[in-house]
1. Return the residues of segment 324-346 that are in contact with a helix residue (DSSP H, G or I) (Cβ under 7 Å, 6 or more places away or on another chain) and buried (at least 17 other Cβ atoms within 10 Å of the Cβ); say none if nothing qualifies.
2. Can you find a residue in segment 126-136 that is within 16 Å of the ligand (Cβ to nearest atom) and assigned to a strand (DSSP E or B)?
3. Name the residue that is surrounded by the most Cβ atoms within 10 Å (Cβ to Cβ), counting only residues in segment 185-217 that are more than 16 Å from the ligand (Cβ to nearest atom) and assigned to a loop (DSSP other than H, G, I, E, B).
4. Need the failing condition index for residue 150 against (1) out of contact with any strand residue (DSSP E or B) (no Cβ under 7 Å at 6 or more places or on another chain); (2) more than 9 Å from the ligand (Cβ to nearest atom), just the number.
5. How many residues does segment 6-52 hold that are out of contact with any strand residue (DSSP E or B) (no Cβ under 8 Å at 6 or more places or on another chain) and at positive phi?
6. For segment 439-475, which positions are over 21 Å from the mean Cα position of the chain (by Cα) and either within 13 Å of the ligand (Cβ to nearest atom) or not assigned by TED's automatic domain parsing to the domain that holds residue 129 (or both)?
7. Filtering segment 227-251 down to residues that are touching a strand residue (DSSP E or B) at 6+ places or on another chain (Cβ under 7 Å) and near the ligand (Cβ under 9 Å from one of its atoms), which residue is nearest to residue 404 (Cα to Cα)?
Ligand code: NAD
């Protein structure tokens, strides 16, 4: 069986202790490769390589660093279909989705930050002709990037690219649940002659390799995307060490549909927002609030559309949904569906595991599930399920829906459907979330700040926010 390897100091290598973990193919429910079970000793080796590479990498001009990052982007573009196939196999998502969203976005992440640094301007503050200040933004040194399983290469590269672009060396850990495309990225680094030690990829468990990165005293910053509980654990270790932290955490996003919306558009986009990537996107609209006047009509049209979502083999062109990422995650989602019923919810569609023919009969396939009849403050409507489960809740007034939408501990994203311009902007102002879409969902402009309020995170990624995070601002004052 194929054994993945760490990538340290420009070379692929086995973990120091020689131990490996099983890597499952979710659509078949079978182990198909092994990944290094790295520990603190592997992280130490990666940090040593990063520190050795830092003086030369940070001394390069932005234009030179840009060329190295563009080489990664171009090679990802050349190997796009192969990477998409690997992502689909490793994660369970439809190949079409990986091919049209995940891998193109990984390519664009590198290209975006490679070119962003060519246009960077430094800050200058004139003190009325008597003196001036300028601000140097200097790289931090060795930084850690830790990413989740839902959008594997997409989110991995979203962190690595700005960290490298701003002159840091990186120790990165992909999720142990979906390590494969990060492994392919290490091959790509070797293929394009990426400078050794600048990017190091260490595989393994969060509580072992991940935690060793957070505890390491040489690592200056942690950029983390994952669950809120993990974020809290990381913060409790990194904060007393005064490391910089960017935490992108969970969500329970409201999708608010007013009765004056473009109805067909609201139904279509809400379906995608609820079930794209099997509902495993932190931005998925998992709580749909519908104004009472159109509630029944929306419910009927929405359920009809959801019935048309084909759950199938990830590689099949017609599959709109594939498998969820693991057996444990499937069980967690099913337990929430059970809880929803105990809390008084009625299942309008779905609710069960999908029986698939061989070779997918052991795969983790779930029906897209629509539930109504729950109170806004029950556990099903407050806790992140992170699967193909959505609830429908009627509302009467703008005030009421804001209260319900803002009632969770999370504050990541929100979608609003209305034709009333004033109302759209008023709700956008009053909603507690870091990202708001009006009449659309998941439209991304890589220049914009990305992140959550409340327990959805601390800090922002994206554009210059990310480049600022990965640098230390040093003000230099000159007085005549
Ligand atoms: P997770 O928190 O279990 O794991 C995320 C990463 O952290 C993995 O690489 C894991 O190995 C590592 N990790 C776990 N424990 C660690 C520790 N003690 N120290 C250091 N690293 C550790 O999350 P997951 O299950 O992989 O991903 C799903 C979660 O991610 C959901 O809550 C989802 O909302 C969230 N998410 C958020 C965003 C966002 O941008 N806000 C994007 C995608 C996913």
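1. Once the filter is applied, which keeps residues that are in contact with a helix residue (DSSP H, G or I) (Cβ under 7 Å, 6 or more places away or on another chain) and buried (at least 17 other Cβ atoms within 10 Å of the Cβ), segment 324-346 yields 324, 325, 336, 340, 345.
2. So far as segment 126-136 goes, no, none of its residues is within 16 Å of the ligand (Cβ to nearest atom) and assigned to a strand (DSSP E or B).
3. Across segment 185-217, the extreme among qualifying residues is 198.
4. Status for residue 150: all satisfied but (2).
5. 3
6. 439
7. 251
One line per residue, one yes/no per condition, for (1) closer than 16 Å to residue 88 by Cα; (2) over 26 Å from the mean Cα position of the chain (by Cα):
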residue: 274; (1), (2): no, no
residue: 294; (1), (2): no, yes
residue: 309; (1), (2): no, no
residue: 320; (1), (2): yes, no
residue: 357; (1), (2): no, yes
residue: 364; (1), (2): yes, no
residue: 379; (1), (2): no, no
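The values are calculated or read from the model by the stated rules, or taken from the named source; none is laboratory data. If you're wondering where the values come from, they're calculated on a predicted model, not measured in any experiment. As a convention, Cβ positions derive from the backbone with ideal geometry for all residues, glycine included, and neighbour counts pool all protein chains shown.
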